[in-house]
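Structure first, commentary second.
The values are calculated or read from the model by the stated rules, or taken from the named source; none is laboratory data. Keep in mind that what you see is a predicted model, and the values were worked out from it rather than measured. Here the Cβ is made from the backbone with ideal geometry for all residues, glycine too, and neighbour counts use every protein chain on show. Ligands, DNA and RNA are stripped out before the accessible areas are found, and what is left, the full protein with its side chains, is counted by its heavy atoms. Shrake-Rupley method; radii C 1.70, N 1.55, O 1.52, S 1.80 Å.
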Amino acid sequence: TAGKKIGQTRSLINDGYYNTWDEVYGSTVEKAYDAEKLPGNYQLVDYNSDGIIDDFDRVPYGYPDRPQNTYSGTVGLEWKGFSIMAQFYGVNNTNRSVYFNNFGGRTNKAYELGSWWTSENTNADFAMPRWSSHVYSRGTTDIYDGSYIRLKNAEVAYEFNKTVTSKLGIGSLRVFINGNNLWMWTNRPDDREGRNNSNRAYPIMKRRHSRLNITL
């Protein structure tokens, strides 16, 4: 850990897939589930070249899951009773581990984040789906760039002038619409609370409101 960031992400490194049985039989031994390897499994790198793929082959990768930088900015405009406001919030230099279970007895969970490995599609996004055999590690497959820019708050409003409100016999009248978490620009596959294991976290909610404020 010397010289590394606090919370530094560490991972086994995957290098494509085992595409044939010959590649499976000639592959480096994995610490667990080695006898369950199939074509379509992730091919992992024996980083320290000791002849076995295990936790000693996990190396620093990318950034910590806690963002190194956060930033925000608010812009607004008022003109003849109209007002517009937008608040942006963002982070960068962070990784996010997003792991979605793939079958394995969990038939109630299904996610489509890309293509699956087949003998005709060996450059797929994910390993071949399997029901009961295990994959020792998915390597860096589930580690994403966690940077994002979010439109955190936005509001559009109009306040009627005194001439109108005096005729109505009220002090002020303002109508507006606003919202929270309306949009996000990111390479992450989803938008959920919590840093990692986001298959257990609840999605961020978008909220929209319309209101009328009257002061007597």
request  = Working only within the range 140-164, note down all residues that are modelled with pLDDT under 90, assigned to a loop (DSSP other than H, G, I, E, B), closer than 30 Å to Tyr61 by Cα and out of contact with any Ser or Thr (no Cβ under 6 Å at 6 or more places or on another chain).
outcome  = Thr141
ask   = Mind checking which residues of the range 15-57 are hydroxyl-bearing (Ser, Thr, Tyr) and loosely packed, with under 15 Cβ neighbours inside 10 Å?
value = Thr20, Tyr25, Tyr33, Tyr47, Ser49
inquiry  = Which condition from (1) of a type in the set (Gly, Ala, Ser); (2) open to solvent by 60 Å² or more (accessible area, probe 1.4 Å); (3) within 22 Å of Pro189 (Cβ to Cβ) is the one that Ser72 breaks?
reply    = (3)
ask   = Does Tyr25 count as touching a His at 6+ places or on another chain (Cβ under 7 Å) and not acidic (Asp, Glu)?
value = no
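Yes/no per residue for (1) part of a strand (DSSP E or B); (2) over 30 Å from Asn161 (Cβ atoms); (3) among the charged types (D, E, K, R):
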{"residue": "Ser49", "(1), (2), (3)": "no, yes, no"}
{"residue": "Pro67", "(1), (2), (3)": "no, yes, no"}
{"residue": "Leu77", "(1), (2), (3)": "yes, no, no"}
{"residue": "Val91", "(1), (2), (3)": "yes, yes, no"}
ask   = Looking only at the range 142-178, which residues are under 35 Å from the mean Cα position of the chain (by Cα) and open to solvent by 60 Å² or more (accessible area, probe 1.4 Å)?
value = Asp145, Ile149, Lys152, Val156, Ile177
request  = Scan the range 90-113 and give yes if some residue there is open to solvent by 80 Å² or more (accessible area, probe 1.4 Å), out of contact with any Ser or Thr (no Cβ under 7 Å at 6 or more places or on another chain), modelled with pLDDT of 90 or more and among the acidic types (Asp, Glu), otherwise no.
outcome  = no
ask   = So which pairs qualify, if the first residue must be in the range 28-42 and assigned to a strand (DSSP E or B), the second must be of a type in the set (Lys, Arg), the Cβ gap must be under 8 Å, and the two must be at least 6 apart or on different chains?
value = Glu30/Lys37; Tyr42/Arg138
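So which residues in the range 114-124 are part of a loop (DSSP other than H, G, I, E, B) and at pLDDT 85 or above?
Trp117, Ser119, Glu120, Thr122, Asn123, Ala124
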